[in-house]
Structures are given as C-alpha cells and as structure tokens.
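In what follows, a single structure is set out as structure tokens and then discussed.
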Amino acid sequence: MSVLRDLTERASARPAHIVMSEGHDPRIVAGAIAAVKAGTARITLVGPHNDVAAQLVAAGEPNNPAIQIEDPETSALSPEFATAFHELRKHKGVTPGVAEAQVQNPLVFAAMMVRQGHADGTVGGAVATTSDTVRAALQVIGKAPDAALVSSFFLMALPENHPSGRDAMIFGDCGLVIDPSSEELAAITVASSASCRQLLGVEPVAALLSFSTMGSAKHPKVTKVADAVALLRENHPNLKADGELQFDAAFVPEVAASKAKGSDVAGQANVMIFPNLDAGNIGYKIAQRIGGAEAIGPVLQGLAKPANDLSRGCTAADVTNMIAVTVLQVAR
C-alpha cells in the first residue's frame, strides 16, 4: 500500500532509536530486522539475553550493529532505572526494593529507557495485554503536559486504488477510552487530527460519528456527540470538524449531499471519531477484515514521549509499520 511505503520513506529520512520490550518474540525480531534494513530505526531488544540472541541467530542477524540487546537482569542501566522509578513512584508507596523488582519487567524497563533518554520511543504488546502495555507507558513516561488525556487511534491504510480516492484514514479512539464524555470526545478529535497531520502529512478533516446525522435522531448518545462538536467550534475554530454524522454521510460525497447539505466535512472526512470503544473497535475490525484495510495500532497519543501498543495477533510486517509510526512521532 502506497501510504505504508510513504511512512517507511519518511521515517528512514529521520531515523530514531526504538526499544522493543518483547525481544524474545520472533515477530518482534523479524519486524525489527526489517525496520533496520529499511533504515527507519536503530533497535534495542529487551529480554533474556540468551533467548533474544537465539532469535537473532535464527533470523540470520546475530551481529547487526544496529540491533542491541538489553537484559534487565544484567543491564548496567538497571540500577539507574530503579533509582529513577523509586523517585517517580514513591508517592504511591513504591519502596526501593519494589522499584528494583519493577524495572525487571521488560515493559517498565523499555519505558524507562525512553524516559531516561536512552531511546526515543518504545513498542510492545505483541505478547503483553493492552492494559499492561499502556499502564507501563502511563506510569513511566506519563501524559504530555499539554494533553487533555491519553487516547489512541488506528492508522487505516486503504487498499490501493480505493474507489473513494483515499489512501489512508485515522480512526479514533478504537483502543483505549471506553466511553468518552463530550469533553473527552473533543480532546480525542484534537489529538487525532494532530496525528493525521503528523503521520499522513495532510490537513485533517474530522467527522464525529453517530447513528444520527445532523439531528435525524434524538437521544442522549447523539447529544453527547453534538456537544463535543460545539466544544470544538468554541475552542478550536480553525479545526475542520463536524457532526454528528453517520459513517456514510462522513465518507461518501453523494450521501453527504443529501444528508448533510452545507457541511464542509461530510463526504470528505479523513479522521473518523467514534462515540465509544464498542463502535470504534467494531468499526476498525470491519474495515480491516471485510474492507481489506491494513490497521496499524493502537497508536497512543497524548504521552510525553512515544510509546505504542501492538495487537497480540500482529505480524512481523505490523511490527515494522509500527516502528515507522513511532519514529515519526518522535519530537525533533
């Protein structure tokens, strides 16, 4: 898909150091090797040294200088990380001994590498659950000072020559915030629009989705979406966003012409904001499994530094694509 090639090319023009918290997993190793060969990143694989080294041997890359191994049990970084983690979490009752134990967790160790400036971003979740992966990122890296909340999105790469003429879209939030309020929906829209601009290099056009289009149905769930749009118009008047819109009205110009006359978003949206996690999770998987879109994510937004989550069903190619996305999120 052309958008994935574009991501790789843009990432390779500004490579970064990405730490992978599950270095023992063959998909992680294969995806990391592909990223290194594409020139998008230097990689650190976290895990038991012998296990990770065996995976690199099996993959035919035992001595690639762009791929390093860090074993939390033997790493020279672990004492530094234990001290820093204790300072960070002592207000939560974390003792020095607990901190030493916590940084042995590969997810925490990888996040500490990013927090302490030893890496630019981290990727995990091929083995760990989303909750564990996100918890480590939130506790260690933390929310960006200017972010209203941490949320997620999927970058949906559409099949080439898609009838809509689009090649990629942003779907948010399909992986983290379960039932956002109007204020949270507005914040997710702002963050997802910024991610669209950052990753796709195009101006965002955001549709806040519902089962109603412009008042065609009355329900508190519709009101929640309409209130979010009102907040966006008040606080972000330069952001092109509209709703509430049904998906067809947001996506298909002919439908928009009949359902949402006068909207400069309807029929043109490249950022789709779902009203809750039920709708978002179902929606992206339908687009992926029936529509043939490639789903990259969930990508986290609103963190102080990049940390991203993989699906446990991911492939090596998914890993390579997520590395490219994480590289492009790194502040320059």
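Brief remarks on what is shown
- Taking the listed residues Thr213, Thr223, the one that is of a type in the set (Val, Ile, Thr) and crowded, with 23+ Cβ neighbours inside 10 Å is Thr213, with no other qualifying.
- Search result, residues across the range 109-125 that are over 15 Å from Leu300 (Cβ atoms) and surrounded by 24 or more Cβ atoms within 10 Å (Cβ to Cβ): Phe109, Met112, Met113, Ala119
- Within the range 266-280, the set of residues being modelled with pLDDT under 95 and in contact with a Leu (Cβ under 7 Å, 6 or more places away or on another chain) comprises just one member, Ala266.
- Residue match in the range 226-241 (condition: open to solvent by 10 Å² or more (accessible area, probe 1.4 Å), over 25 Å from Ser182 (Cα atoms) and assigned to a loop (DSSP other than H, G, I, E, B)): no
- Which numbered condition Val222 misses (of (1) within 20 Å of Ser258 (Cβ to Cβ); (2) touching a residue at least 24 places away in the same chain (Cβ under 8 Å); (3) of a type outside the set (Ser, Thr, Tyr)): (2)
- When the range 312-332 is filtered for residues that are open to solvent by 10 Å² or more (accessible area, probe 1.4 Å) and within 14 Å of Ala13 (Cβ to Cβ), the ones remaining, listed by number, are Val330, Arg332.
- Leading residue by the ranking (most open to solvent (accessible area, probe 1.4 Å)) among those in the range 246-276 that are part of a helix (DSSP H, G or I) and within 24 Å of Val177 (Cα to Cα): Phe247
- Qualifying residue in the range 191-198 (condition: modelled with pLDDT of 95 or more, surrounded by 14 or more Cβ atoms within 10 Å (Cβ to Cβ), in contact with a Lys or Arg (Cβ under 9 Å, 6 or more places away or on another chain) and of a type outside the set (Lys, Arg)): yes
- Scan of the range 118-127 for residues that are modelled with pLDDT of 95 or more and assigned to a loop (DSSP other than H, G, I, E, B), ordered by number: His118, Ala119, Asp120
- Some residue of the range 129-138 being more than 15 Å from the chain's Cα centre (by Cα) and either more than 16 Å from Asp309 (Cα to Cα) or assigned to a loop (DSSP other than H, G, I, E, B) (or both): no
The values are calculated or read from the model by the stated rules, or taken from the named source; none is laboratory data. Everything quoted here is computed from the prediction, not taken from an experiment. Reconstructed Cβ throughout: ideal geometry from the backbone, glycine too, with neighbour counts over all protein chains shown. Note: accessible area is taken over every heavy atom of the protein model, side chains too, but ligands, DNA and RNA are not part of it. Shrake-Rupley method; radii C 1.70, N 1.55, O 1.52, S 1.80 Å.
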